[in-house]
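The values are calculated or read from the model by the stated rules, or taken from the named source; none is laboratory data. Since the model is a prediction, treat every value here as computed from it, not as a measurement. Cβ sites come from the backbone with ideal geometry, for glycine too, and all protein chains shown count toward neighbours.
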Amino acid sequence: MGRVKALAAMALISSTVLVFTPSVALADSCLPAPALSSAPSSTSLSLGSGVTAKSWSWAPGYQAQNASLSPLGTKVSVVEGNLRSVDFGVLHEGIPTVKTLRSLSEANSRALASINGDYFDFDSNIPWNAMIEAGSLIYSPSGNSGVIGMAQKRVDPARGYRTTGTLTVATKKFSVTGVNQLSPGSESMVVYLPNSYRPVPPKGDATVLIKNGKIYRVYPKGASLNVSTGTVIQARGAIAKVLGRLKLTTKIKLSLANPPLYETRMVADKLKTVGSITNSATTMSFDAVNYKTVSTNGATVFDNSFGRTPTRARTTLRIGKDTLGRQVVRNVYTSGAGINAGLGELVVQANGTAATLARKFRAGDLVTVKYGYEAEARTTFVTAAGRGPRIVQNSKFIWICSQHSKEFRPRTAIGWDQDGKVWLMTSSRGQDAVDFGYRQGGSTADQIGHWLQSLGATDAILLDGGGSTTMVIKNPATSWQRFDIPDSGWYRELASGYSFLTKD
């Protein structure tokens, strides 16, 4: 088990990233990443609900080596979806429990494609970071946790949002996908208004400037224009070719829906547990939920979803409900007790100064127990679970390659943009090989970050890698199959996974 933990640590240390041209890459000790379109072989599958699975492969030997990839070969696997048509969900079997990603996916009837999730402790099967379901904190260690998930974000029109709208040119109508967004997506048309907080938005494949209800300028190859000059339209993909051929002075009509108050987005944030138990005279805080151990001077609350007997602390409280549904202290164990919470009960384990406060409660006390989370950026999550470090943030590559390993290993990452597109990505050897539990091949972390940016991601984070790296898809023709390596490859049991889910 010590070897497994060491290997897991190596996988974490080597999970690093950056995105740029080869000259910049070398300046920061980063390896160049070949364009995905240059891969000698590729596949593409439609999984339904607008979700697409694609892969690009370089064979072992000269193919991979000539592309600055692992001599053992590299396969890049990507599943792309959009939060307009799918949900992003966390897969798990409970705390602390591990299952293969395929088993976790097959158990969810809404799942379309999944990747492995958070780092976790191999001895106790406990994830490293917090977990949120249906807006509620269900698991959290003490201290700060890095998480990623779907969140309800209040819309600031100046900083961009998804929208529905129409650009009418003569008798032709074009769909607008966003307003004032961080960047136009790969197949999108974004309108930048004078209220945009970015005076000069990123250019698209084609740019159109509108003044006084007419087309004032057309830039078929895109241009960076200040929004003070008029309404700026930036387009990418197939629509850009059409817009690039529009004629000047043509009358147009731009119709945009009113900005929403909130929209669902992918968000990476840090959070910590905020909770307390209070009676008429005493309040005791706790700093963890369903976590295996209790901090030196803190307290952890357990509910009946925790799948093992909690570690005994200095003082233990068992809390239930009376006939009126009020929370009441059932027992106070002043020397601590290793007990489980029954259905509808809570168990609080306390150490140090928290244990001293816990002893002030008495059996029969009516209490109020509250717990939730406080996010660093005040994010309100719908669903979330643990993540690794950020690699891309607000269109900027923030990883410093010279400070991290350049080892070729299997990698797992998630990228997203403001328009709702999400990319689940793995890099692997692409083959089933005898590897004695230590998977090789794949990519460096800076390369996987470069690939995500090339697909359009404006933000990206790393997840657990190495032997944990796994991607499975629900192929409409064959049902569930592995997509990062052949189905014959071994699976590591995982504490959690992430999945695209069909809408309810």
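Some notes on this structure:
- Region 330-355, residues that are in contact (Cβ under 8 Å) with a residue 40 or more places away in the chain and β-branched (Val, Ile, Thr): Val347, Val348, Thr353
- Residue check, Phe381 outside the structural domain of His92 (by TED's automatic domain parsing), within 30 Å of Leu452 (Cβ to Cβ) and out of contact with any helix residue (DSSP H, G or I) (no Cβ under 6 Å at 6 or more places or on another chain): yes
- Criterion: assigned by TED's automatic domain parsing to the domain that holds Met425, at pLDDT 95 or above and of a type outside the set (Val, Ile, Thr) - qualifying residue of Ser140, Ser136, Ser114, Ser145: Ser114
- Selected residue [among the small types (Gly, Ala, Ser) and under 14 Å from Gly143 (Cβ atoms)] from Ser295, Ser335: Ser295
- In region 396-410, of all residues being buried (at least 18 other Cβ atoms within 10 Å of the Cβ) and in contact with a Leu (Cβ under 8 Å, 6 or more places away or on another chain), the one that is farthest from Thr458 (Cα to Cα) corresponds to Phe408.
- Scanning region 328-351 for residues that are assigned to a strand (DSSP E or B), more than 15 Å from Ala288 (Cα to Cα) and polar (S, T, N, Q) yields one hit, Asn331.
- Checking Ser38 against (1) in contact (Cβ under 8 Å) with a residue 12 or more places away in the chain; (2) within 16 Å of Arg482 (Cα to Cα); (3) of a type in the set (Gly, Ala, Ser), the condition it does not meet: (2)
- Leading residue by the ranking (farthest from Pro141 (Cα to Cα)) among those in region 73-95 that are surrounded by 21 or more Cβ atoms within 10 Å (Cβ to Cβ) and over 17 Å from the mean Cα position of the chain (by Cα): Gly73
- Applying the set (1) farther than 30 Å from Gly117 by Cα; (2) polar (S, T, N, Q); (3) surrounded by 23 or more Cβ atoms within 10 Å (Cβ to Cβ) to Gln181 leaves exactly one unmet item: (1).
- Checklist (1) touching a Gly at 6+ places or on another chain (Cβ under 6 Å); (2) in a strand (DSSP E or B) applied to Ala354, failing item: (2)
- Residue in region 369-395 that is surrounded by the fewest Cβ atoms within 10 Å (Cβ to Cβ), counting only those that are under 19 Å from Ser285 (Cα atoms) and out of contact with any Lys or Arg (no Cβ under 9 Å at 6 or more places or on another chain): Lys370
- Evaluation of Trp451 against (1) farther than 20 Å from Ala113 by Cβ; (2) not in a loop (DSSP other than H, G, I, E, B) (one fails), failing number: (1)
- Residue list for region 142-170, filter: closer than 13 Å to Ala268 by Cα, touching a Phe, Trp or Tyr at 6+ places or on another chain (Cβ under 8 Å) and either free of Cβ contacts under 8 Å to residues at least 60 places away in the same chain or surrounded by fewer than 23 Cβ atoms within 10 Å (Cβ to Cβ) (or both): Met150, Gln152, Lys153
- Ala384 vs. criteria farther than 30 Å from Thr311 by Cβ, modelled with pLDDT of 95 or more and assigned to a strand (DSSP E or B): no
- Scanning region 46-70 for residues that are within 30 Å of Pro476 (Cα to Cα), surrounded by 19 or more Cβ atoms within 10 Å (Cβ to Cβ) and aliphatic (A, V, I, L, M) gives Leu47, Val51, Ala53.
- When the residues of region 423-438 are filtered to those that are surrounded by 24 or more Cβ atoms within 10 Å (Cβ to Cβ) and not hydroxyl-bearing (Ser, Thr, Tyr), the one that is nearest to Leu69 (Cα to Cα) is Arg429.
- Every residue from region 112-141 that is of a type in the set (Gly, Ala, Ser) and buried (at least 20 other Cβ atoms within 10 Å of the Cβ): Ala113, Ser114, Gly117, Ala130, Ser140
- The number of residues in region 222-239 being farther than 10 Å from Tyr192 by Cα and of a type in the set (Val, Ile, Thr) comes to 2.
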